[in-house]
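Colleague: Structure incoming, see below.
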Amino acid sequence: MKKNLRYLIIMLAVLVVLGGGAAALLLTQPQEETEEVSSASSAVMEPVIDRESSEVSSIQVKNSKADFQLLPLEQETTTSSEEESSSSSVTSVQFTIDGYQGFDLDTAQITGAANTVTAINASKNLGEQEDLEQFGLTGDSATEVTVNYTDGTSDTFTVGNEAGESAGRYILKDGVVYISSSFSGALLGTPLDFIKTDIYTVANRVEETVDSEGSSSQTTLNDVLYHMELSGTHLDKPIVIDYDESKVSSYLIKEPVIAESGTNQFTEIITALKSLSASSVAAVGRTQENLEKYGLAEPYTKVVFNMNGEDHTLAVSDTNDEGNRYLIADDDDVIYVVAADTVASWAEAELMDLRMSYVWLPNIDSVSAVTLTVEGDMTYRFEATRVVNEEKSTEDQTKYDLTITNADGNSVDYENYQDLYQAALSMAVLSTDEATYDQGTPTLEITYEYFDGSEPDVITYCAVEGQDERCAALLNGGYSGLVRRSEVNNLIENLKAVYNNEAIS
């Protein structure tokens, strides 16, 4: 029995019990109240379809973009606490899309859309109309929906444009045009609209500690990009970066040059790679045809990385006409659309964006000796001893006082040594272009030895063929980039003065 009919019978029963007096009172209410009742009646929705989702066997949707079918999943029967007392239950039906079950579908969205086609109410009945095109109920604007039920019956209706005079859309059912806001607009698109666009999120690094009383606590640690490889059509050569705790920045570029990383853009890359969401789905099926269609057969940029112990692979196309990029991720068989700015930090990254602008930056307090060799035979060596400065040191950081001597055992003022040390570090890399250089007899070689006993680092500056104003810088034998020869010469000119404990001119 419908709710409205049941309510009417109850009211009639009340009138019978109360008798004529009550009826008279009801019949003599002010005209104002009568108008209110009339107004309320005019707002009553006209049912177009009134079925239960549990009765549905399939929902067929056909529009100019797609032709697809919604199917119910296994039904689950749940009973509320109130319903338990009356031994009644409610059947909850979820829906999926036929042929797309292998993808990460938004089942809640699909189910919500499916539920709207079994309970359609109209705010207006426009009757039969000859010109259906004006309502978008024919041609490319129309979406045809057929709801098949388990009892063998079905309902078919057409959804058109948004109504101009009222909220909702035009719906054609059994030759009559209605206006209804009950129907879900989600069904006007394609199955791709129901695929989730949250691609992945890398789990946090955590550290669990137990205090003296046995209570445990968990601390979230900084994200670590243990390994990253960038390649693609916009790069001349792949870029390989590894995590290295021994470096100041904790990151070392290993290809195509040897250099420290850790720039601002590198930090932005770590943030961008932590999690990724798409704006929409372009296609499913990583076929060669689709890869070529969306510019992914030869990606503009590909990144392979390990963050916090998780491996991921992403590839993007060049920007399309809307300024977006197409993207594929890991083994996912989906081609996504992403806003260009969400991936720009790594998709547009160049080698010079990722490397520190200097050849090497060892901390002066960590270096036990520096040896500078000119033209392969003239050697200047400075040795350091250090003592902890108790006043300047803190629990988190230890400060040292350094005492410097040259190879002859003579003292060198710390200020003079510091100026020379700074000059050696401050030679900026101008470019990482390939160059032909003579490594046999270096112009200058600098060797850094460390208090902790780790392997020495060797920076070599070599003459470049055809570029008199440049020197090639090598770090531990690996090419790092080009620097100004004038800066190398200035350092060489000041070596003898500092060795003799004179200030840099």
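Colleague: Given (1) out of contact with any Cys (no Cβ under 8 Å at 6 or more places or on another chain); (2) open to solvent by 80 Å² or more (accessible area, probe 1.4 Å); (3) closer than 24 Å to N494 by Cα, identify the lone condition not met by A424.
Modeller: Evaluating A424 over (1) out of contact with any Cys (no Cβ under 8 Å at 6 or more places or on another chain); (2) open to solvent by 80 Å² or more (accessible area, probe 1.4 Å); (3) closer than 24 Å to N494 by Cα leaves (2) as the failure.
Colleague: Another question, then. Can you name the residue in region 332-357 that is touching a helix residue (DSSP H, G or I) at 6+ places or on another chain (Cβ under 7 Å) and crowded, with 19+ Cβ neighbours inside 10 Å and, of all such residues, is farthest from Q265 (Cα to Cα)?
Modeller: Applying the filter and picking the extreme gives I335.
Colleague: If the Cβ limit is 6 Å and pairs must be 6+ apart or interchain, which residue in region 40-66 that is closer than 21 Å to G139 by Cα pairs with which residue that is assigned to a strand (DSSP E or B) and modelled with pLDDT of 95 or more?
Modeller: Correct list of pairs: I59/L70; I59/V147; Q60/Q69; Q60/T146; V61/F68; V61/V145; K62/E144; N63/T143.
Colleague: Got at least one residue in region 272-291 being over 13 Å from the mean Cα position of the chain (by Cα), of a type in the set (A, V, I, L, M), farther than 26 Å from G189 by Cβ and surrounded by 18 or more Cβ atoms within 10 Å (Cβ to Cβ)?
Modeller: no
Colleague: On to the next question. State whether the residues of region 245-256 include one that is open to solvent by 70 Å² or more (accessible area, probe 1.4 Å), modelled with pLDDT under 95, assigned to a loop (DSSP other than H, G, I, E, B) and over 24 Å from L482 (Cβ atoms).
Modeller: Yes, the conditions are met somewhere in region 245-256.
Colleague: Of E502, E445, E455, E469, which residue is in contact with a helix residue (DSSP H, G or I) (Cβ under 6 Å, 6 or more places away or on another chain), open to solvent by 20 Å² or more (accessible area, probe 1.4 Å) and either acidic (D, E) or modelled with pLDDT under 95 (or both)?
Modeller: The unique qualifying residue is E469.
Colleague: Can you work out which of the residues in region 296-307 that are more than 30 Å from T220 (Cα to Cα) and either more than 20 Å from the chain's Cα centre (by Cα) or among the hydrophobic types (A, V, I, L, M, F, W, C) (or both) is least open to solvent (accessible area, probe 1.4 Å)?
Modeller: This residue is L296.
Colleague: Further question on the same structure: Write out, first by first residue and then by second, each pair whose Cβ atoms fall under 7 Å of each other, whose residues are 6+ apart or on separate chains, and whose first residue, in region 190-214, is farther than 16 Å from A272 by Cα while the second is assigned to a helix (DSSP H, G or I).
Modeller: As it stands, the answer is D193/A186; F194/Q109; F194/I110, since those pairs meet every condition given.
Colleague: Follow-up. Of the residues E268, E310, which is more than 30 Å from I459 (Cα to Cα) and open to solvent by 30 Å² or more (accessible area, probe 1.4 Å)? Show your work before the answer.
Modeller: Values: E268 fails: more than 30 Å from I459 (Cα to Cα).
After ruling out the rest, the residue left standing is E310.
Colleague: Strands (runs of 3 or more DSSP E) wholly in region 89-167 with at least 3 residues that are more than 24 Å from Y178 (Cα to Cα) and in contact (Cβ under 8 Å) with a residue 12 or more places away in the chain - which ones? Explain how you work it out, then say what you get.
Modeller: On the way: elements: 90-92, 95-97, 119-122, 124-127, 143-149, 154-162.
It comes to 90-92, 95-97.
The values are calculated or read from the model by the stated rules, or taken from the named source; none is laboratory data. Predicted, not measured: the structure shown is a model, and the values here were computed from it. Here Cβ is always computed from backbone atoms with ideal geometry, including for glycine, and neighbour counts include all displayed protein chains. Each accessible area value is taken on the protein alone, full model and side chains, heavy atoms only, with ligands, DNA and RNA left out. Shrake-Rupley method; radii C 1.70, N 1.55, O 1.52, S 1.80 Å.
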